[in-house]
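Below is one structure; the comments refer to it alone.
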Amino acid sequence: MDSDSLSGPISDPLPEPGTIGGPADRAVEGTIEDARARAPAAPGGAGTAGAAAGGPGGSGDPADGVTEDAAEEERDAVAAEEPDGDPSCGPEGGAVSALVNAAARGDATAWEALVERFSPLVWSVIRAHRLSEADVEDVWQITWFRLTANLQKIKDPERVGSWLASTARHEALRALRWSRRVTPVDDVDTVSPWVNHHSPEQAMLESERAAAEADRLRRLGEAFERLSERCRRLLRLLMATPPPSYSEISEALGMPVGSIGPTRARCLDCLRRAMGGEEGRHRRR
Amino acid sequence: MSDDRSGLEEELRDLARLLDPVPEHLVRQAVSAYAWHTVDAEPAELTFDSFAPEQAALVRGPRGPRLLTFEAPTLTVEIEITECGDTRRLTGRISPPRRAGIEVRRPDRRLHVETDELGRFGCDGLSAGPLGLRCSTAEQTVVTDWVAI
(Lines give C-alpha, C1' and ligand atoms only; values in the text may rest on other atoms or scores of the structure.)
Protein backbone atom coordinates (compact mmCIF):
# COMPACT_ATOMS: atom_id res chain seq x y z
CA MET A 1 0.00 0.00 0.00
CA ASP A 2 1.43 3.33 -0.92
CA SER A 3 1.58 6.16 1.52
CA ASP A 4 -0.30 8.54 -0.71
CA SER A 5 -3.59 7.07 0.23
CA LEU A 6 -5.55 10.26 0.41
CA SER A 7 -4.97 11.39 -3.09
CA GLY A 8 -5.79 8.60 -5.44
CA PRO A 9 -7.40 5.28 -6.05
CA ILE A 10 -6.29 2.69 -3.59
CA SER A 11 -3.71 0.40 -5.03
CA ASP A 12 -4.70 -2.89 -3.53
CA PRO A 13 -7.68 -4.75 -4.86
CA LEU A 14 -11.01 -4.20 -3.30
CA PRO A 15 -12.93 -7.12 -1.89
CA GLU A 16 -14.75 -9.32 -4.32
CA PRO A 17 -18.06 -7.99 -5.54
CA GLY A 18 -20.68 -8.94 -3.08
CA THR A 19 -18.70 -8.45 0.07
CA ILE A 20 -19.34 -4.75 0.05
CA GLY A 21 -22.89 -3.81 0.59
CA GLY A 22 -25.67 -6.10 1.52
CA PRO A 23 -29.36 -6.55 1.22
CA ALA A 24 -30.14 -3.30 -0.43
CA ASP A 25 -33.83 -3.80 0.00
CA ARG A 26 -33.62 -3.19 3.70
CA ALA A 27 -34.17 0.44 4.37
CA VAL A 28 -32.44 1.42 7.56
CA GLU A 29 -33.38 5.02 7.89
CA GLY A 30 -36.75 6.59 8.22
CA THR A 31 -37.44 8.77 5.25
CA ILE A 32 -39.81 11.62 5.28
CA GLU A 33 -42.34 9.48 3.53
CA ASP A 34 -41.89 6.80 6.18
CA ALA A 35 -42.36 9.30 8.92
CA ARG A 36 -45.51 10.54 7.31
CA ALA A 37 -46.92 7.13 6.69
CA ARG A 38 -46.23 5.99 10.21
CA ALA A 39 -47.20 9.08 12.09
CA PRO A 40 -50.97 8.49 12.22
CA ALA A 41 -50.32 5.25 14.14
CA ALA A 42 -53.47 3.38 13.32
CA PRO A 43 -54.90 1.58 16.34
CA GLY A 44 -53.80 -2.00 16.51
CA GLY A 45 -50.21 -1.19 15.78
CA ALA A 46 -50.33 -1.04 12.00
CA GLY A 47 -48.54 2.25 12.24
CA THR A 48 -45.93 1.15 14.74
CA ALA A 49 -43.43 3.91 14.66
CA GLY A 50 -40.30 2.00 15.45
CA ALA A 51 -40.47 -0.33 12.51
CA ALA A 52 -38.75 1.82 9.95
CA ALA A 53 -36.71 -1.06 8.69
CA GLY A 54 -38.39 -4.16 9.87
CA GLY A 55 -36.68 -6.42 12.32
CA PRO A 56 -34.00 -8.90 11.39
CA GLY A 57 -36.73 -11.26 10.34
CA GLY A 58 -38.31 -8.60 8.19
CA SER A 59 -41.45 -8.86 10.20
CA GLY A 60 -41.78 -5.16 10.77
CA ASP A 61 -41.70 -5.48 14.52
CA PRO A 62 -40.36 -2.55 16.46
CA ALA A 63 -37.26 -4.41 17.58
CA ASP A 64 -34.65 -1.76 17.78
CA GLY A 65 -33.56 -1.57 21.33
CA VAL A 66 -36.83 -0.80 23.03
CA THR A 67 -38.53 -4.07 22.34
CA GLU A 68 -40.17 -4.53 25.70
CA ASP A 69 -41.40 -0.98 25.81
CA ALA A 70 -42.76 -1.13 22.33
CA ALA A 71 -44.62 -4.34 22.92
CA GLU A 72 -46.16 -2.95 26.04
CA GLU A 73 -47.08 0.25 24.38
CA GLU A 74 -48.64 -1.52 21.51
CA ARG A 75 -51.05 -3.11 23.93
CA ASP A 76 -51.76 0.31 25.37
CA ALA A 77 -52.37 1.63 21.94
CA VAL A 78 -55.20 -0.73 21.18
CA ALA A 79 -57.45 1.02 23.62
CA ALA A 80 -56.15 4.50 23.14
CA GLU A 81 -57.67 7.11 20.94
CA GLU A 82 -56.04 9.53 18.61
CA PRO A 83 -55.23 12.52 20.76
CA ASP A 84 -56.57 15.84 19.71
CA GLY A 85 -54.61 19.00 19.51
CA ASP A 86 -51.60 17.56 17.73
CA PRO A 87 -49.66 20.72 16.91
CA SER A 88 -48.35 19.18 13.71
CA CYS A 89 -51.86 19.36 12.28
CA GLY A 90 -51.37 22.95 11.51
CA PRO A 91 -51.36 25.54 14.29
CA GLU A 92 -48.08 26.73 12.87
CA GLY A 93 -50.07 27.43 9.76
CA GLY A 94 -47.58 26.28 7.17
CA ALA A 95 -44.82 28.43 8.65
CA VAL A 96 -42.57 25.43 9.08
CA SER A 97 -42.97 24.22 5.52
CA ALA A 98 -42.28 27.73 4.29
CA LEU A 99 -38.99 27.68 6.19
CA VAL A 100 -38.06 24.25 4.83
CA ASN A 101 -38.82 25.30 1.27
CA ALA A 102 -36.91 28.53 1.63
CA ALA A 103 -33.91 26.73 3.14
CA ALA A 104 -34.06 24.20 0.31
CA ARG A 105 -33.77 27.08 -2.14
CA GLY A 106 -30.71 28.44 -0.40
CA ASP A 107 -32.07 30.86 2.17
CA ALA A 108 -29.63 30.69 5.10
CA THR A 109 -31.87 32.79 7.32
CA ALA A 110 -34.65 30.27 6.94
CA TRP A 111 -32.21 27.53 7.89
CA GLU A 112 -31.24 29.43 11.00
CA ALA A 113 -34.89 29.78 11.93
CA LEU A 114 -35.37 26.04 11.48
CA VAL A 115 -32.43 25.35 13.74
CA GLU A 116 -33.80 27.70 16.35
CA ARG A 117 -37.27 26.20 16.16
CA PHE A 118 -36.23 22.53 16.30
CA SER A 119 -33.00 22.52 18.32
CA PRO A 120 -34.83 21.92 21.61
CA LEU A 121 -36.67 18.96 20.07
CA VAL A 122 -33.54 17.33 18.68
CA TRP A 123 -31.72 18.03 21.93
CA SER A 124 -34.49 16.39 23.96
CA VAL A 125 -34.48 13.31 21.73
CA ILE A 126 -30.75 12.97 22.25
CA ARG A 127 -31.07 13.58 25.99
CA ALA A 128 -33.83 10.98 26.22
CA HIS A 129 -31.28 8.37 25.14
CA ARG A 130 -28.19 7.60 27.16
CA LEU A 131 -25.22 8.72 25.15
CA SER A 132 -21.64 9.60 25.92
CA GLU A 133 -20.59 13.20 25.40
CA ALA A 134 -18.85 12.34 22.14
CA ASP A 135 -21.83 10.42 20.81
CA VAL A 136 -24.14 13.28 21.76
CA GLU A 137 -22.17 15.56 19.49
CA ASP A 138 -22.02 13.04 16.64
CA VAL A 139 -25.74 12.37 16.73
CA TRP A 140 -26.47 16.08 16.89
CA GLN A 141 -24.27 16.88 13.92
CA ILE A 142 -25.45 13.99 11.82
CA THR A 143 -29.08 14.87 12.38
CA TRP A 144 -28.57 18.41 11.09
CA PHE A 145 -26.15 17.42 8.32
CA ARG A 146 -28.72 14.91 7.08
CA LEU A 147 -31.36 17.57 6.96
CA THR A 148 -29.18 19.77 4.76
CA ALA A 149 -28.98 16.96 2.23
CA ASN A 150 -32.69 16.18 2.36
CA LEU A 151 -34.29 19.61 2.34
CA GLN A 152 -35.41 19.32 -1.27
CA LYS A 153 -36.59 15.77 -0.85
CA ILE A 154 -38.99 16.35 1.97
CA LYS A 155 -42.49 15.58 0.79
CA ASP A 156 -44.33 17.01 3.78
CA PRO A 157 -42.13 19.84 5.03
CA GLU A 158 -44.60 20.75 7.75
CA ARG A 159 -43.57 17.51 9.45
CA VAL A 160 -39.87 18.21 9.41
CA GLY A 161 -39.93 17.98 13.22
CA SER A 162 -41.02 14.35 13.00
CA TRP A 163 -38.32 13.72 10.44
CA LEU A 164 -35.70 15.24 12.74
CA ALA A 165 -37.00 13.29 15.73
CA SER A 166 -36.89 10.04 13.77
CA THR A 167 -33.41 10.69 12.45
CA ALA A 168 -32.05 11.65 15.87
CA ARG A 169 -33.59 8.56 17.43
CA HIS A 170 -32.17 6.19 14.86
CA GLU A 171 -28.73 7.74 15.16
CA ALA A 172 -28.94 7.64 18.96
CA LEU A 173 -29.82 3.94 18.89
CA ARG A 174 -27.04 3.26 16.45
CA ALA A 175 -24.59 5.10 18.69
CA LEU A 176 -25.83 3.23 21.76
CA ARG A 177 -25.29 -0.07 20.07
CA TRP A 178 -22.01 0.60 18.38
CA SER A 179 -20.43 3.40 20.29
CA ARG A 180 -16.85 3.79 19.26
CA ARG A 181 -16.12 5.08 22.73
CA VAL A 182 -16.18 2.13 25.07
CA THR A 183 -16.23 4.17 28.27
CA PRO A 184 -19.28 3.08 30.20
CA VAL A 185 -21.77 5.82 30.62
CA ASP A 186 -23.24 6.78 33.92
CA ASP A 187 -27.02 7.17 33.73
CA VAL A 188 -27.16 10.12 36.00
CA ASP A 189 -24.58 12.00 34.07
CA THR A 190 -26.30 11.65 30.75
CA VAL A 191 -29.99 11.36 31.44
CA SER A 192 -30.13 14.25 33.83
CA PRO A 193 -26.91 16.13 33.47
CA TRP A 194 -28.07 18.94 35.73
CA VAL A 195 -27.49 16.70 38.71
CA ASN A 196 -23.76 16.85 38.15
CA HIS A 197 -23.20 19.98 36.20
CA HIS A 198 -25.39 22.52 37.88
CA SER A 199 -27.07 23.12 41.12
CA PRO A 200 -30.55 24.60 40.91
CA GLU A 201 -29.58 27.09 43.58
CA GLN A 202 -26.76 28.39 41.45
CA ALA A 203 -28.86 28.65 38.36
CA MET A 204 -31.63 30.27 40.33
CA LEU A 205 -29.31 32.88 41.66
CA GLU A 206 -28.44 33.70 38.12
CA SER A 207 -32.06 33.95 37.17
CA GLU A 208 -32.93 35.73 40.42
CA ARG A 209 -35.65 33.40 41.46
CA ALA A 210 -36.72 32.61 44.97
CA ALA A 211 -34.97 29.97 47.03
CA ALA A 212 -38.23 28.16 47.64
CA GLU A 213 -38.73 27.69 43.95
CA ALA A 214 -35.17 26.44 43.60
CA ASP A 215 -35.83 23.90 46.28
CA ARG A 216 -38.96 22.70 44.53
CA LEU A 217 -37.12 22.29 41.25
CA ARG A 218 -34.33 20.40 42.97
CA ARG A 219 -36.85 18.01 44.47
CA LEU A 220 -38.47 17.70 41.08
CA GLY A 221 -35.13 16.78 39.54
CA GLU A 222 -34.50 14.21 42.24
CA ALA A 223 -37.94 12.70 41.84
CA PHE A 224 -37.39 12.53 38.08
CA GLU A 225 -34.24 10.53 38.75
CA ARG A 226 -36.24 7.88 40.57
CA LEU A 227 -38.61 7.23 37.67
CA SER A 228 -38.33 4.24 35.37
CA GLU A 229 -36.23 4.69 32.30
CA ARG A 230 -39.34 4.59 30.17
CA CYS A 231 -40.88 7.49 32.07
CA ARG A 232 -37.68 9.49 32.10
CA ARG A 233 -37.43 9.13 28.35
CA LEU A 234 -40.93 10.29 27.65
CA LEU A 235 -40.84 13.12 30.17
CA ARG A 236 -37.44 14.33 29.03
CA LEU A 237 -38.87 14.58 25.56
CA LEU A 238 -41.91 16.47 26.79
CA MET A 239 -39.54 18.92 28.45
CA ALA A 240 -38.63 20.44 25.09
CA THR A 241 -39.70 24.02 24.45
CA PRO A 242 -42.00 24.30 22.61
CA PRO A 243 -43.55 20.97 23.60
CA PRO A 244 -43.23 18.39 20.82
CA SER A 245 -46.23 17.21 18.86
CA TYR A 246 -47.49 13.67 19.36
CA SER A 247 -46.17 12.57 16.00
CA GLU A 248 -42.75 14.02 16.91
CA ILE A 249 -42.81 12.12 20.21
CA SER A 250 -43.88 8.98 18.39
CA GLU A 251 -40.94 9.27 16.01
CA ALA A 252 -38.54 10.19 18.79
CA LEU A 253 -39.35 7.22 20.99
CA GLY A 254 -40.72 4.63 18.61
CA MET A 255 -43.95 4.79 20.57
CA PRO A 256 -47.39 4.56 18.98
CA VAL A 257 -49.15 7.91 19.07
CA GLY A 258 -52.08 6.38 20.91
CA SER A 259 -50.06 5.28 23.90
CA ILE A 260 -48.36 8.61 24.51
CA GLY A 261 -51.24 10.20 26.41
CA PRO A 262 -51.81 7.32 28.84
CA THR A 263 -48.08 6.85 29.41
CA ARG A 264 -47.63 10.56 30.02
CA ALA A 265 -50.42 10.51 32.58
CA ARG A 266 -48.94 7.50 34.38
CA CYS A 267 -45.44 8.94 34.42
CA LEU A 268 -46.53 12.34 35.70
CA ASP A 269 -48.55 10.64 38.44
CA CYS A 270 -45.48 8.61 39.39
CA LEU A 271 -43.46 11.79 39.46
CA ARG A 272 -45.94 13.49 41.72
CA ARG A 273 -45.90 10.52 44.08
CA ALA A 274 -42.13 10.48 44.06
CA MET A 275 -42.12 14.14 45.02
CA GLY A 276 -44.65 13.60 47.72
CA GLY A 277 -42.28 11.56 49.85
CA GLU A 278 -40.73 8.14 49.81
CA GLU A 279 -37.39 9.85 49.32
CA GLY A 280 -34.86 7.27 48.28
CA ARG A 281 -37.10 4.29 48.95
CA HIS A 282 -36.99 2.73 45.57
CA ARG A 283 -34.00 3.80 43.63
CA ARG A 284 -34.62 3.25 39.98
CA ARG A 285 -33.42 0.01 38.47
CA MET B 1 -55.33 16.96 28.85
CA SER B 2 -55.82 20.21 30.66
CA ASP B 3 -55.38 18.63 34.07
CA ASP B 4 -53.05 19.43 36.91
CA ARG B 5 -50.52 17.16 35.28
CA SER B 6 -49.94 19.95 32.80
CA GLY B 7 -48.68 22.13 35.63
CA LEU B 8 -46.17 19.50 36.62
CA GLU B 9 -45.11 19.08 33.02
CA GLU B 10 -44.60 22.82 32.74
CA GLU B 11 -42.38 22.73 35.83
CA LEU B 12 -40.32 20.00 34.22
CA ARG B 13 -40.00 22.17 31.17
CA ASP B 14 -38.72 24.99 33.38
CA LEU B 15 -36.20 22.60 34.85
CA ALA B 16 -34.88 21.64 31.42
CA ARG B 17 -34.78 25.23 30.21
CA LEU B 18 -32.86 26.22 33.29
CA LEU B 19 -30.50 23.31 33.80
CA ASP B 20 -30.20 21.40 30.54
CA PRO B 21 -30.62 23.91 27.71
CA VAL B 22 -29.32 23.17 24.23
CA PRO B 23 -25.59 23.96 24.44
CA GLU B 24 -24.76 27.12 22.55
CA HIS B 25 -21.87 25.57 20.66
CA LEU B 26 -24.17 22.86 19.31
CA VAL B 27 -26.64 25.44 18.09
CA ARG B 28 -23.80 27.18 16.30
CA GLN B 29 -22.73 23.88 14.77
CA ALA B 30 -26.24 23.25 13.50
CA VAL B 31 -26.42 26.72 11.99
CA SER B 32 -23.12 26.27 10.20
CA ALA B 33 -24.16 22.81 8.99
CA TYR B 34 -25.95 24.72 6.25
CA ALA B 35 -22.58 25.10 4.55
CA TRP B 36 -23.06 21.48 3.44
CA HIS B 37 -26.27 22.29 1.65
CA THR B 38 -26.04 22.22 -2.11
CA VAL B 39 -28.98 22.94 -4.30
CA ASP B 40 -27.82 20.91 -7.27
CA ALA B 41 -26.79 17.65 -5.61
CA GLU B 42 -28.94 14.56 -5.53
CA PRO B 43 -29.21 12.89 -2.10
CA ALA B 44 -28.15 9.24 -1.82
CA GLU B 45 -30.01 7.65 1.03
CA LEU B 46 -28.47 5.21 3.47
CA THR B 47 -30.23 1.94 2.64
CA PHE B 48 -28.01 -0.56 4.40
CA ASP B 49 -25.75 -0.40 7.43
CA SER B 50 -24.31 -3.58 8.85
CA PHE B 51 -23.97 -1.77 12.19
CA ALA B 52 -27.56 -0.54 12.28
CA PRO B 53 -29.49 -1.43 15.42
CA GLU B 54 -31.80 -3.49 13.22
CA GLN B 55 -28.86 -5.59 12.12
CA ALA B 56 -27.41 -6.05 15.56
CA ALA B 57 -28.94 -9.45 16.18
CA LEU B 58 -27.23 -10.75 13.08
CA VAL B 59 -23.80 -9.52 14.01
CA ARG B 60 -22.20 -11.17 17.00
CA GLY B 61 -18.69 -11.46 18.25
CA PRO B 62 -15.77 -9.31 17.20
CA ARG B 63 -16.70 -6.54 14.84
CA GLY B 64 -15.76 -6.99 11.25
CA PRO B 65 -15.66 -4.14 8.79
CA ARG B 66 -18.76 -2.00 8.63
CA LEU B 67 -20.61 -2.07 5.34
CA LEU B 68 -22.82 0.79 4.21
CA THR B 69 -24.86 1.33 1.07
CA PHE B 70 -26.18 4.68 -0.15
CA GLU B 71 -28.59 4.83 -3.03
CA ALA B 72 -29.62 7.62 -5.36
CA PRO B 73 -31.91 6.89 -8.31
CA THR B 74 -29.05 6.53 -10.77
CA LEU B 75 -26.00 5.92 -8.60
CA THR B 76 -25.15 3.58 -5.74
CA VAL B 77 -22.27 4.13 -3.34
CA GLU B 78 -21.03 1.23 -1.27
CA ILE B 79 -18.38 1.72 1.37
CA GLU B 80 -16.56 -0.40 3.87
CA ILE B 81 -15.14 1.07 7.08
CA THR B 82 -12.37 -0.81 8.85
CA GLU B 83 -11.11 0.21 12.26
CA CYS B 84 -7.34 0.42 12.52
CA GLY B 85 -6.63 1.38 16.10
CA ASP B 86 -7.80 4.95 16.54
CA THR B 87 -8.32 5.60 12.87
CA ARG B 88 -10.58 4.22 10.16
CA ARG B 89 -9.87 3.08 6.67
CA LEU B 90 -12.46 3.71 4.01
CA THR B 91 -12.75 1.72 0.81
CA GLY B 92 -15.63 2.22 -1.55
CA ARG B 93 -17.12 1.68 -4.94
CA ILE B 94 -19.68 3.49 -7.00
CA SER B 95 -21.93 1.74 -9.41
CA PRO B 96 -22.47 1.77 -12.25
CA PRO B 97 -18.65 1.92 -12.27
CA ARG B 98 -17.11 5.06 -13.68
CA ARG B 99 -14.61 7.75 -12.93
CA ALA B 100 -15.72 10.28 -10.37
CA GLY B 101 -14.36 12.81 -7.97
CA ILE B 102 -15.13 11.92 -4.38
CA GLU B 103 -15.20 14.53 -1.67
CA VAL B 104 -14.84 12.94 1.75
CA ARG B 105 -16.62 15.30 4.09
CA ARG B 106 -15.86 15.62 7.78
CA PRO B 107 -17.33 18.26 10.08
CA ASP B 108 -14.13 20.29 9.93
CA ARG B 109 -12.56 19.46 6.57
CA ARG B 110 -12.89 17.94 3.13
CA LEU B 111 -10.59 15.42 1.45
CA HIS B 112 -10.56 14.70 -2.25
CA VAL B 113 -9.97 11.36 -3.91
CA GLU B 114 -10.69 10.00 -7.39
CA THR B 115 -12.23 6.71 -8.34
CA ASP B 116 -10.50 4.43 -10.80
CA GLU B 117 -12.24 3.26 -13.96
CA LEU B 118 -13.96 0.53 -11.95
CA GLY B 119 -15.46 3.12 -9.64
CA ARG B 120 -13.26 2.22 -6.69
CA PHE B 121 -11.83 4.67 -4.21
CA GLY B 122 -10.44 4.76 -0.72
CA CYS B 123 -8.61 6.64 1.96
CA ASP B 124 -6.84 5.94 5.21
CA GLY B 125 -6.27 7.61 8.51
CA LEU B 126 -9.77 8.94 9.10
CA SER B 127 -10.62 9.95 12.64
CA ALA B 128 -13.83 8.84 14.33
CA GLY B 129 -16.83 11.08 13.79
CA PRO B 130 -19.39 12.10 11.19
CA LEU B 131 -18.66 11.39 7.55
CA GLY B 132 -20.45 12.18 4.31
CA LEU B 133 -19.48 11.72 0.67
CA ARG B 134 -20.05 13.86 -2.37
CA CYS B 135 -19.56 12.06 -5.68
CA SER B 136 -19.22 14.07 -8.87
CA THR B 137 -19.34 12.25 -12.18
CA ALA B 138 -19.50 13.79 -15.63
CA GLU B 139 -23.28 13.62 -15.51
CA GLN B 140 -24.31 14.29 -11.95
CA THR B 141 -23.45 15.08 -8.36
CA VAL B 142 -24.66 12.90 -5.53
CA VAL B 143 -24.32 13.50 -1.79
CA THR B 144 -24.72 10.65 0.65
CA ASP B 145 -26.43 10.71 4.01
CA TRP B 146 -24.08 11.42 6.88
CA VAL B 147 -23.03 8.60 9.19
CA ALA B 148 -20.81 8.40 12.27
CA ILE B 149 -17.82 6.18 11.67
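Here are the numbers for the structure shown:
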read-out	value
Count of segment B:109-122 residues which are surrounded by fewer than 21 Cβ atoms within 10 Å (Cβ to Cβ) and among the hydrophobic types (A, V, I, L, M, F, W, C)	2
A:Trp163 vs. criteria under 15 Å from A:Pro120 (Cα atoms) and either facing chain B (nearest Cβ under 7 Å) or touching a Lys or Arg at 6+ places or on another chain (Cβ under 6 Å) (or both)	no
Residue that is free of Cβ contacts under 8 Å to residues at least 40 places away in the same chain and either in contact with a Gly (Cβ under 6 Å, 6 or more places away or on another chain) or facing another protein chain (nearest Cβ under 7 Å) (or both), where the choices are B:Glu24, B:Glu45, B:Glu11	B:Glu11
Top-ranked residue of segment B:137-149 - restricted to ones that are more than 9 Å from the chain's Cα centre (by Cα) and part of a strand (DSSP E or B), ranked as farthest from the other protein chains (Cβ to nearest Cβ)	B:Thr141
Among the residues listed as B:Arg134, B:Arg106, the single one being surrounded by fewer than 19 Cβ atoms within 10 Å (Cβ to Cβ), within 20 Å of A:Asn150 (Cβ to Cβ) and under 14 Å from the mean Cα position of the chain (by Cα)	B:Arg106
Number of the exception - B:Arg63 against (1) part of a loop (DSSP other than H, G, I, E, B); (2) among the charged types (D, E, K, R); (3) modelled with pLDDT of 90 or more	(3)
Segment B:75-101, subset more than 10 Å from every other protein chain (Cβ to nearest Cβ) and surrounded by 19 or more Cβ atoms within 10 Å (Cβ to Cβ), residue nearest to B:Val147 (Cα to Cα)	B:Ile81
Segment A:123-146: number of residues that are at the interface with chain B (Cβ under 8 Å from one of its Cβ atoms) and buried (at least 24 other Cβ atoms within 10 Å of the Cβ)	11
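The values are calculated or read from the model by the stated rules, or taken from the named source; none is laboratory data. Just so it is clear, the model here is predicted, and its values are computed rather than measured. As a convention, Cβ positions derive from the backbone with ideal geometry for all residues, glycine included, and neighbour counts pool all protein chains shown.
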